[in-house]
Amino acid sequence: MKLQFNPLSPFVRAAMVTAHELGIADKIEKVEAVPTPTSTLDGLNAANPLGKVPALTVDGMTLHDSRVIAEYLNEAHDGGLMPGKGPDLWQARTRLSMALGALDAAVLIRYETFLRPEALRWQGWIDGQFAKVDRALDQLEADIGDFSGSGSEKARLDAIAAACLLGYIDFRFADHGWRDGRPKLAAWYLEFSARPSMRDTEPPA
Ligand code: BEZ
């Protein structure tokens, strides 16, 4: 398997945490796809017309976005990282999409505040994106018992996405104070982030 990879991307991290939890991370060859002034990212654009990491080439297919990749890896390796069926499965899928959607909002804030010249930044839009992130975090706090499991259980895909969201907020927006008023989520993340899958995929400082 070949994965278009950027070590700073929280979406790549979600795919790689999934691979670690399934015990197949060493079967993934990482192809660096990091934008630089001189790189064309032709390989990434060929793998994913949207030009976004992660994209996984496997079994004659190229799969992209982290949710599709995580679900593929889980199914292909009989992982049991999602509830079997019924309402629990649909709620877990919805939570997985919500956490990744909040990550989309967080990454957009990063682009707006890091890449866009200061004079052109739109504070109202940034506030709106943070509000999406905060509402998702409130939902995770409310639902914690539905996805947290116990330390010895397999991590679920919605839990992995939630942890990658929290890790990215700590990485890029350390002063956002997401732990304030969310004690259950904070305690869960402290434990979850000590898993080898999370430690092995930490973004470089
Ligand atoms: C970042 O540096 O924050 C970043 C890098 C790649 C994808 C998304 C975010």
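The values are calculated or read from the model by the stated rules, or taken from the named source; none is laboratory data. Bear in mind the structure is a predicted one, so any value in this text is a computation, not a measurement. Backbone-built Cβ (ideal geometry, glycine too); neighbour counts: all protein chains shown. Surface accessibility is based on the protein's heavy atoms, side chains included, excluding ligands, DNA and RNA. Shrake-Rupley method; radii C 1.70, N 1.55, O 1.52, S 1.80 Å.
Observations
- Normalised by the number of residues in the chain, the average gap of Cα pairs under 8 Å and 6 or more apart makes the relative contact order 25 percent.
- Percent carbon-and-sulfur accessible area, the chain, ignoring ligands, DNA and RNA, probe 1.4 Å: 53
- The mean accessible area for residues of the chain, using a 1.4 Å probe and ignoring ligands and nucleic acids, is 52 Å² per residue.
- Surface listing: Tyr72, Tyr189 arranged by accessible area from highest to lowest gives Tyr72, Tyr189, probe 1.4 Å.
- Sum of -39500 (n - 2.57) over DSSP H runs of 4+, divided by residues of the chain (222 nm, nearest 500): -16500 deg cm²/dmol
- Among beta bridges that DSSP assigns inside the chain, antiparallel share in %, nearest 5: 65
- Kirkwood hydrodynamic radius of the chain, from the reciprocal of the average inverse Cα-Cα distance over all distinct pairs: 17.6 Å.
- Distant alpha-carbon pairs in region 87-196 (separation over 22 angstrom), percent: 32
- By DSSP, the beta bridges lying fully in region 2-76 are antiparallel in about 65 percent of cases.
- Value of relative contact order over region 87-196, rounded to a whole percent, pairs C-alpha under 8 Å and six or more apart: 35
- Local net charge near Pro183, Cβ-Cβ under 14 Å (Lys/Arg +1, Asp/Glu -1): -1
- Relative contact order computed over region 1-85 (Cα-Cα under 8 Å; 6+ residues apart), in percent: 35
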